[in-house]
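I have placed the structure first, in the form of structure tokens, so that the comments after it can refer back to it.
The values are calculated or read from the model by the stated rules, or taken from the named source; none is laboratory data. The structure presented is a predicted model; accordingly, all values stated were derived computationally and were not measured. Ideal geometry is used to build each Cβ from the backbone, glycine not excepted, and the neighbour counts take in all protein chains shown.
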Amino acid sequence: MSPRLFSPAIAAIACAWLALPGLRAQEPTPSPTPGLSVEAAELIRQGLGFFQLEDLKKARDAFAKAVALAPDRPAALVNLATVEYRMGELDAARTHLEKAVHIDPDSAQPWTTLGVVCYEQGAYDHSLAALARAVVLDPANARAHNFLGVTLGAKGWLLGAEAELRKSVELDPNHAGANFNLALAYLQRTPPAIELARRHYQEALRLGAAPDPLVEKKLGKP
């Protein structure tokens, strides 16, 4: 989970979602790590710069060196795992994230990123466990609720998915991915909640989501 507006790109959700495009969620990004040595902090700074330039190999190398200097710092591990995730190295990313949550089980960010990586691996139960932990630790985190909604949808638990996606939008009305996902959730109702879906789909477009012909076909004309 190439730069994309939304990630992970959920291409094949469980049966109930197969008729529609994949749910979308903003991907994790690295962050500064206070409290490191001067050398490790400089490597993190360099890694963040390379990440912003989309030079993922150099970013990974810088973050790996920082982790070697500070192997017990969860934030350094999360930064390295985030780049590995972007490079498709999911096994390595998961290993570093599992180490991070073992060191600091009370930090929401590693749990959220671990949930995304597990989702990309198809390990939905592990993803659910990680993301449920993340929202308990940080209940105001709209991104974590969005990811959790995506994973619940993948399991076919549509009511739970809809509830989490509504919570994400309530917490952050400007989250394009959550609005898009909520539109999909409303389309999964029986019968589909067309007007609610249209409202959130149009809001997602306003916030920067790309138009989706299949969704628009499902919505029909206003």
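Out of the residues in segment 47-99 that are basic (Lys, Arg) and in contact with a helix residue (DSSP H, G or I) (Cβ under 7 Å, 6 or more places away or on another chain), which is farthest from residue 120 (Cα to Cα)? Residue satisfying both the conditions and the ranking: 65.
For segment 181-194, the condition of being under 14 Å from the mean Cα position of the chain (by Cα) and closer than 26 Å to residue 88 by Cα holds for at least one residue.
Among the residues making up segment 129-185, those that are assigned to a loop (DSSP other than H, G, I, E, B) and either of a type in the set (A, V, I, L, M, F, W, C) or touching a strand residue (DSSP E or B) at 6+ places or on another chain (Cβ under 6 Å) (or both) are 140, 157. The single condition among (1) among the aliphatic types (A, V, I, L, M); (2) modelled with pLDDT of 95 or more; (3) surrounded by fewer than 24 Cβ atoms within 10 Å (Cβ to Cβ); (4) within 28 Å of residue 111 (Cα to Cα) that residue 207 does not satisfy is (2). Tell me, yes or no, whether segment 116-126 has at least one residue that is modelled with pLDDT of 95 or more, under 20 Å from residue 81 (Cα atoms) and in contact with a Phe, Trp or Tyr (Cβ under 6 Å, 6 or more places away or on another chain). No, segment 116-126 contains no residue that is modelled with pLDDT of 95 or more, under 20 Å from residue 81 (Cα atoms) and in contact with a Phe, Trp or Tyr (Cβ under 6 Å, 6 or more places away or on another chain). Residue check: is residue 202 in contact with a helix residue (DSSP H, G or I) (Cβ under 8 Å, 6 or more places away or on another chain) and not aromatic (Phe, Trp, Tyr)? So residue 202 fails the test.
Can you tell me how many residues within segment 66-89 are in a helix (DSSP H, G or I) and surrounded by 18 or more Cβ atoms within 10 Å (Cβ to Cβ)? Residues meeting the conditions: 15.
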